[in-house]
1. With a cut-off of at least 1 residues that are open to solvent by less than 50 Å² (accessible area, probe 1.4 Å) and in contact with a Cys (Cβ under 6 Å, 6 or more places away or on another chain), name the strands (runs of 3 or more DSSP E) lying wholly within segment 157-236.
2. Which of the residues that make up segment 103-149 are open to solvent by 10 Å² or more (accessible area, probe 1.4 Å), under 23 Å from THR311 (Cα atoms) and part of a strand (DSSP E or B)?
3. As an exercise: evaluate ARG349 against (1) modelled with pLDDT of 95 or more; (2) part of a helix (DSSP H, G or I) and give the number of the one condition it does not meet.
4. Tally the residues that are open to solvent by 40 Å² or more (accessible area, probe 1.4 Å) and either under 21 Å from THR82 (Cα atoms) or touching a Ser or Thr at 6+ places or on another chain (Cβ under 7 Å) (or both), restricting the search to segment 31-45.
5. If VAL285 passes every condition in (1) of a type in the set (A, V, I, L, M, F, W, C); (2) under 23 Å from GLU205 (Cβ atoms); (3) open to solvent by 30 Å² or more (accessible area, probe 1.4 Å) but one, which one does it miss?
6. Anything in segment 239-261 that is open to solvent by less than 10 Å² (accessible area, probe 1.4 Å) and part of a loop (DSSP other than H, G, I, E, B)? List them, or say none.
7. Which of the residues that make up segment 59-96 are more than 20 Å from GLN146 (Cβ to Cβ), assigned to a strand (DSSP E or B) and more than 27 Å from the chain's Cα centre (by Cα)?
8. Could you tell me whether segment 326-335 includes any residue that is open to solvent by 60 Å² or more (accessible area, probe 1.4 Å), among the charged types (D, E, K, R) and touching a residue at least 40 places away in the same chain (Cβ under 8 Å)?
Amino acid sequence: MATPTGTTSLTRIEADTRAALLDVHHYTVDLDFGLAADGADTFPSTTRIRFTARRPGDTFVELRPTTLREATLDGRPLDPATLVAGRLPLRALTAGEHELLVHADMPYSRTGEGVHRFTDPEDGLTYLYSMCCMTEGPLVFAAFDQPDLKAAFDLTVTAPVGWTVLGNGIATEENPGRWRCATTPPISTYFMAVAAGPYHSVRTEHAGLPFGIHTRRSLAAHLDKDAEEILDITRRCFDRYHELFDEPYPFDSYDQAFVPEFNAGAMENPGLVTLRDEYVFRSAVTDTQREVRGVVIAHEMAHMWFGDLVTLRWWDDTWLNESFAEFMGYQVLTDATDFRPWTEFAISRKSWGYDADQRPST
């Protein structure tokens, strides 16, 4: 079925069929944000995917560009006109290894999907961040976009000189304005994440890993005021999860970016959690508001193991992914800090469960 945006929704049967056909190994993604602050409506995106077909067959890759400039499969050109409703067909695959290369122009967003671009009215500075969950990754790069087809990611980014770039792996500025993120372990496509802009950052190190919190410059003083509390909660929860889980934290860094116009509470991107910047408090707040922010920090950290390392095969298990992280968020914050958030849960959250439990669909 075509959606109003002209894309076709992936069905469970299609996902099962594609997962039975393909092993996806590696994404190399290059994004050019060099003109992001100059009013450009699109950004160049290049994706190289290495994958294996278990047997001969047909499949497709998802892609939702403004312009598909070039695509090749094993060096052979594909007709850009075959891209229909967000799907580029890959026909007559032979058994064995393949490489897909895609050059496209992608749209900037103001809806919190794909790469969201925000210009701060306070100082005119521009900020970018991605939101690939649940099905918006193809607005950023070409992808076999389903949660059970995990692969390693290598990300490079061109950005204006003076910007900070963040990703799923440690980001290093190799040349002025040219950034490379460390290779990730295998992750689902909906977890690919990038943030770029003149972010204000507070950085530290814990358990041998770099930790950072980031927000736009106009909120720098407010973030600095709360930085020690945010980082203290982060460190304490991190240590508590290591007491609870035998498996060590599986990524190479832990950044939390408080981003503007975010259309969710937060998103558990591996190594780069994005949170709505309303959690950077601008004025005096209640203890309950501070508790809720702490629960969100602990909730998203739970997903690093349960959701990111171990991932649902299909979206019908989102309930388990989220309910477990919700429980862990409240319990681990209780275990690790002086906060007592279960009272807030009983008052404001528990009723949601009762309401859902009464529905005919339950």
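The values are calculated or read from the model by the stated rules, or taken from the named source; none is laboratory data. A quick note: this is a predicted structure, and the numbers were derived from the prediction, not measured. With ideal geometry, Cβ positions are generated from the backbone for all residues, glycine too; neighbour counts draw on all protein chains shown. Surface areas here come from the heavy atoms of the whole protein model, side chains and all, with no ligands, DNA or RNA. Shrake-Rupley method; radii C 1.70, N 1.55, O 1.52, S 1.80 Å.
1. Details: elements: 164-167, 171-175, 178-181, 194-197, 200-206, 209-215.
Output list reads 164-167, 171-175.
2. Residue satisfying the conditions is MET131 alone.
3. (1)
4. First, pick out the residues of segment 31-45 that are open to solvent by 40 Å² or more (accessible area, probe 1.4 Å): 32, 35, 37-39, 41-42, 44.
So of that shortlist, the ones also either under 21 Å from THR82 (Cα atoms) or touching a Ser or Thr at 6+ places or on another chain (Cβ under 7 Å) (or both) come out as 32, 37, 42, 44.
Looking only at that region, the number is 4.
5. The failed condition is (2).
6. Kept after step one, since they are open to solvent by less than 10 Å² (accessible area, probe 1.4 Å), are these residues of segment 239-261: 241, 253-254, 256-260.
Passing the criteria: SER253, PRO260.
7. Residues of segment 59-96 that are more than 20 Å from GLN146 (Cβ to Cβ), as a first pass: 66-70, 72, 74-82, 92, 94-96.
Now restrict to residues that are assigned to a strand (DSSP E or B): 67-70, 72, 76-77, 92, 96.
ARG76, PRO77, ALA92, GLY96, listed by residue number.
8. Of all residues in segment 326-335, those open to solvent by 60 Å² or more (accessible area, probe 1.4 Å) come to 327, 335.
Applying the additional criterion that residues be among the charged types (D, E, K, R) yields 335.
From what's left, touching a residue at least 40 places away in the same chain (Cβ under 8 Å): 335.
Yes, the conditions are met somewhere in segment 326-335.
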